[in-house]
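Read the structure below first, then the notes.
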Amino acid sequence: MSPDGSFKRVDAAWRNKISKEPGSMFPPEKNRYHLYVAYACPWAHRTLMTRAIKGLEDVISVTVVMPVWQKTKPDDPNDSHNGWIFADKTSGKVLKNSAGLGGPFPSSYPQNAEDPFYNAKSIREIYEMAGDKDGKYTVPILFDKWSQTIVSNESSEIIQMLNSEFDEYATSPDIDLEPEDLREAMQSVDSWIYPNLNNGVYRCGFAQTQEAYDVAIDELTAAFDRVEDILSRQRFIAGDQFTLSDIRLFVTLLRFDEVYVVYFKTNTRSVANSSVLLNYCRDIYQMARVAETVDMHQIKEHYFCSHPDLNKLSIVPRGPNFERMLKERHNRDDLGIKRPKISVSDDEKSPPPSEASVVSSI
């Protein structure tokens, strides 16, 4: 937090690269790497979407942590850190929020897991085991199981690695989410979407002065309108082809109406009230394998229940059922044809858009 009350995000500390270059410390290999993620976290959601679209489910394993932050050193009264914890499949313990209020929350959901390697209880323990000195215990983590260390915790770089370095093992290697001819356009849109929308929602929600909030909400509103204008003229944010920039944008828009409008006070705009952006989100949500990366229940439970200073009793608003809106047919086909052609088995093929599957909200 800066002196003027504005929210300042700390940069990721682990920035190693998986590379096919000879002599690389982290070469691409099947079953060597693991992702620690949360369905709730938009930065982690980027990696889940990229992994799914590229067809890397059998190449890079995943553990999904629980949505509601808890104390990561519960036996130390002098340690106040709250963060991501792993599922507890055996105790049947009932949880409250980190202030001891709200809930009750289960200690496990079917789609969340215990740590498969070290019996860690929290993401913090994974960082500490790897010798982290930064103290920013975030997801996603791209972890090297062989050398037992963190490769990267920077989502924007992880998705680039997943896109380009594992094609030898991917079921959809022909999909390029960062094509050479669109890289300049991608860098351009990313440069203002990240600070004003992806991080802009947090700048609004965590602002500690009216002035800081007013600056953030003005910049977010302008960026929202700019995105809407661009997407009224082309199918995807960087041009006529689906790219990593669309993944980066989609994970924010997905959470916008259900969470950010209420929780982070971004109520100058609504995705549901924009035909352009609603149909853009439908287009992406209905791509093969995308809906299975979405768990709106865990998204909402995380945000509304993990910050007692913003929502003391962890009451989760009902919301507009935005995910149901995403199953309706979209109108984006007239703006371009270059959606990813994902290789799927007959059992995996997507149903018609009006019946698109979705991870169940518990």
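What to note about this one:
- Shape category assigned to the stretch 135-293 from the gyration tensor of Cα positions, a/c cut at 1.5: oblate
- Across the accessible surface of the stretch 1-139, with the other protein chains kept in place and a 1.4 Å probe, carbon and sulfur atoms take up 50 percent.
- For chymotrypsin sites (Phe, Trp or Tyr not before Pro), the sites in the stretch 56-139 that DSSP calls loop and that have at most 15 other Cβ atoms within 10 Å are 117, 118.
- Based on Cα contacts under 8 Å between residues 6+ apart, the chain shows a relative contact order of 21 percent.
- Rg/Rg_ref, the stretch 244-317, where Rg_ref = 2.2 N^0.38 Å and atoms are Cα: 1.17
- Cα-based shape type of the stretch 73-196, given that a ≥ b ≥ c are square roots of the gyration tensor eigenvalues and the cut on a/c is 1.5: prolate
- Semi-axis lengths (Å, descending) of the ellipsoid that matches the C-alpha gyration tensor of the chain: 29, 26, 21
- About the centre of its Cα atoms, the stretch 1-92 shows a dipole size close to 360 debye [charges on the beta carbon of Lys, Arg (+1) and Asp, Glu (-1) only; nearest 20 debye].
- Since only 44, 61, 22 are under comparison, the one whose Cα sits farthest along the positive direction of the charge dipole of the stretch 21-62, derived from C-beta charges on Lys, Arg, Asp and Glu, is 44.
- Packing, taken as the mean count of other beta carbons within 10 Å per residue, orders the peptides 256-263, 190-197, 312-319 from highest to lowest as 256-263, 190-197, 312-319.
- Listed residue pairs exceeding 32 Å between alpha carbons, taken from 121/327; 54/327; 265/327: 121/327
- Hydrodynamic radius (Kirkwood) for the stretch 197-244, which is based on Cα pairs only, to one decimal in Å: 11.9 Å
- The chain - mean residue ellipticity at 222 nm from DSSP helices (-39,500 (n - 2.57) per run, n ≥ 4, rounded to 500): -9000 deg cm²/dmol
- Part-to-part distance (alpha-carbon centres) for the stretch 73-101 and the stretch 283-317, which is given in Å: 19 Å
- By the Kirkwood approach, averaging reciprocal distances over each pair of separate Cα atoms, the stretch 209-280 gets a hydrodynamic radius of 12.8 Å.
- Relative contact order [Cα under 8 Å, 6+ residues apart], the stretch 114-245, whole percent: 17 percent
- Whole-angstrom Cα spans of the stretch 7-158 along principal axes, big to small: 52, 31, 30
- Efficiency of FRET between residue 4 and residue 91 - r from beta-carbon atoms, R0 51 angstrom, step 0.05: 0.70
- Relative contact order computed over the stretch 229-286 (Cα-Cα under 8 Å; 6+ residues apart), in percent: 30 percent
- Per DSSP, loop trypsin sites (Lys or Arg not before Pro) in the stretch 45-144 with at most 13 further Cβ within 10 Å: 89, 93, 133
- Residues residue 130 and residue 73, FRET efficiency given R0 of 22 Å [Cβ-Cβ distance, rounded to 0.05]: 0.80
- Loop-located trypsin sites (Lys or Arg not before Pro) in the stretch 216-251 whose Cβ has at most 14 other Cβ within 10 Å (DSSP): 233
The values are calculated or read from the model by the stated rules, or taken from the named source; none is laboratory data. For clarity, every value in this text was computed on a predicted model and none was experimentally measured. Note that we place each Cβ from the backbone using ideal geometry, even for glycine, and neighbour counts take in every protein chain shown. Ligands, DNA and RNA are stripped out before the accessible areas are found, and what is left, the full protein with its side chains, is counted by its heavy atoms. Shrake-Rupley method; radii C 1.70, N 1.55, O 1.52, S 1.80 Å.
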